[in-house]
Structure formats: structure tokens, C-alpha cells
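Working notes, beginning with the structure itself.
The values are calculated or read from the model by the stated rules, or taken from the named source; none is laboratory data. Predicted, not measured: the structure shown is a model, and the values here were computed from it. When the accessible area is computed, the model is the full protein with side chains, heavy atoms only, and any ligands, DNA or RNA have been set aside. Shrake-Rupley method; radii C 1.70, N 1.55, O 1.52, S 1.80 Å.
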Amino acid sequence: MGIMDDAKHNAEKMAGKAKENIGDATDNESLEAEGKMDQVKADAKKVGDDVKDAFDK
């Protein structure tokens, strides 16, 4: 995984965390859930890239 991919995944995760916090602060359960899902997606992409890199070696 390249540095840019790692940075992109971290940015997606931070954006998801921000959505979650905004949703929590405004009692918007939908936004909070969307933020949590964004974080899970970012983590899954990172794991996928890690597995891909392991097979490329």
C-alpha cells in the first residue's frame, strides 16, 4: 500500500468520525450511523490493501 492510499484511508476514517460526532451532538442518529459506516468502510479498504500487498511480495 502506498503512502497516498494510507493517507486517503485515514482521511476517510477521520471524515466518518467527524460525521459520527456531529450526529451525536445534534441527536441525528442517521448521520451518526453514516459516520460509523464510513469508518468501517475505510478500515475495510485498508485491510484489503494490506492483503493485496502481502500477495504482491
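Here are a few things to note about the model shown:
- Our helix-only sum for the chain, with -39,500 (n - 2.57) per DSSP H run of n ≥ 4 divided by its residues, gives a mean residue ellipticity at 222 nm of -32000 deg cm²/dmol.
- Per-residue SASA entry for residue 17, accessible area with 1.4 Å probe, Å² rounded to 10: 90
- Mean Cα-pair separation over length for the chain, i.e. relative contact order, pairs under 8 Å, 6 or more apart, %: 37
- Degrees separating the helix 29-56 axis from the principal Cα axis of the chain, which is the longest one: 0
- Residue 32 accessible area, 1.4 Å probe, all protein chains in place, Å² to nearest 10: 40
- Over the chain: Rg over Rh, Cα atoms, Kirkwood Rh: 1.14
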